[in-house]
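To keep things clear, I will list the structure first and then write my remarks on it.
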Amino acid sequence: MSKSRSRRLTARRERLSLAELMARDGVLDPMKVLEIGLRCCDAIAPLHARWQWRRGLSPSNVFVTLVGNKVANVELVERDESTTADFSENTELARYLAPERACGLADDARSDLYALGCILFELSAGKPPFHLGTHADVVLSHVMASPPRAGRHAPAGVAEIIDRLLSKEPGERYQSATELRAALDTAGRSLEARPDARSAAA
């Protein structure tokens, strides 16, 4: 049996939420952030195709299956409906709240992508873009405050994607999970070509 096949057969398999993953590993490397983003797009695109939005997306209800160091799968775990749409007291959910949802306006797939942008920012920086102050402060920041730039925490290609996802106006974000996935895939190919990324993945 080849060494590579032996490693595949014996690779450790584990399933945990992104919140648990960050608590264990801290800030993730850019390639893993991209892998998680890609798998999230795969999970959320079929829902959006059926006009179903994932209000309440957060690291606590996104579960990853890791095989060795690779992200094999992402699951979006359903919350109780009574908590999914209620951001009035839930500070955790408020950290991933699209501005239009905070204002009680109509939301759509792009609102979920904003939440995903907050999650990818947190995976890269160790904290979500808006997290300081009271619950009301966090909600208001999504509506009024400029988000911190992801370039302080992620390579240029990854940072540009996150910054676009955190745009206040839905029309300035990626318009679908499919479009976002293509951008993440391109960024991953570019990053993978870098010698430092290849050595880190080895």
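Listed conditions (1) closer than 21 Å to Val71 by Cα; (2) touching a residue at least 24 places away in the same chain (Cβ under 8 Å); (3) small (Gly, Ala, Ser) are all met by Ala183, apart from (2). Taking the stretch 68-90, which residues are modelled with pLDDT under 55 and open to solvent by 90 Å² or more (accessible area, probe 1.4 Å)? Passing the criteria: Asp80, Glu81. Taking the criterion of being in a helix (DSSP H, G or I) and under 16 Å from Ala94 (Cβ atoms), would at least one residue in the stretch 143-157 satisfy it? Yes, because at least one residue in the stretch 143-157 is in a helix (DSSP H, G or I) and under 16 Å from Ala94 (Cβ atoms). Take the conditions (1) crowded, with 21+ Cβ neighbours inside 10 Å; (2) modelled with pLDDT of 90 or more; Arg54 misses just one of them, which is (2). In summary, Val138 fulfils each of the numbered conditions (1) out of contact with any Leu (no Cβ under 9 Å at 6 or more places or on another chain); (2) in a helix (DSSP H, G or I); (3) more than 18 Å from Gly37 (Cβ to Cβ) with the single exception of condition (1). Restricting the first member to the stretch 123-149 and to residues that are in contact (Cβ under 8 Å) with a residue 12 or more places away in the chain and within 26 Å of Leu21 (Cβ to Cβ), and the second to residues that are in a helix (DSSP H, G or I) and acidic (Asp, Glu), the beta-carbon pairs closer than 6 Å and six or more apart or on different chains are Pro128/Glu122. The set of residues from the stretch 124-172 being under 15 Å from the mean Cα position of the chain (by Cα) and of a type in the set (S, T, N, Q) comprises Ser124, Ser167.
Please indicate, with yes or no, whether at least one residue in the stretch 117-140 is modelled with pLDDT of 90 or more, among the aliphatic types (A, V, I, L, M), surrounded by 22 or more Cβ atoms within 10 Å (Cβ to Cβ) and in contact with a strand residue (DSSP E or B) (Cβ under 9 Å, 6 or more places away or on another chain). Yes, the stretch 117-140 contains a residue that is modelled with pLDDT of 90 or more, among the aliphatic types (A, V, I, L, M), surrounded by 22 or more Cβ atoms within 10 Å (Cβ to Cβ) and in contact with a strand residue (DSSP E or B) (Cβ under 9 Å, 6 or more places away or on another chain). Cβ separations smaller than 8 Å between residues 6+ apart or across chains give the following pairs from the stretch 38-64 residues that are closer than 10 Å to Leu76 by Cβ and outside any loop (DSSP other than H, G, I, E, B) to residues that are open to solvent by less than 40 Å² (accessible area, probe 1.4 Å) and of a type in the set (D, E, K, R): Ile44/Arg54; Ile44/Asp112; Leu47/Arg54. Glu100 meets each of the listed conditions (1) assigned to a loop (DSSP other than H, G, I, E, B); (2) touching a Pro at 6+ places or on another chain (Cβ under 9 Å) apart from (1).
The values are calculated or read from the model by the stated rules, or taken from the named source; none is laboratory data. Everything numeric here is computed off the predicted structure, so don't read it as measured data. For neighbour counting, all protein chains shown are included, and Cβ atoms are generated from backbone atoms with ideal geometry for every residue, glycine included. With ligands, DNA and RNA removed, areas are computed over all heavy atoms of the protein, side chains included. Shrake-Rupley method; radii C 1.70, N 1.55, O 1.52, S 1.80 Å.
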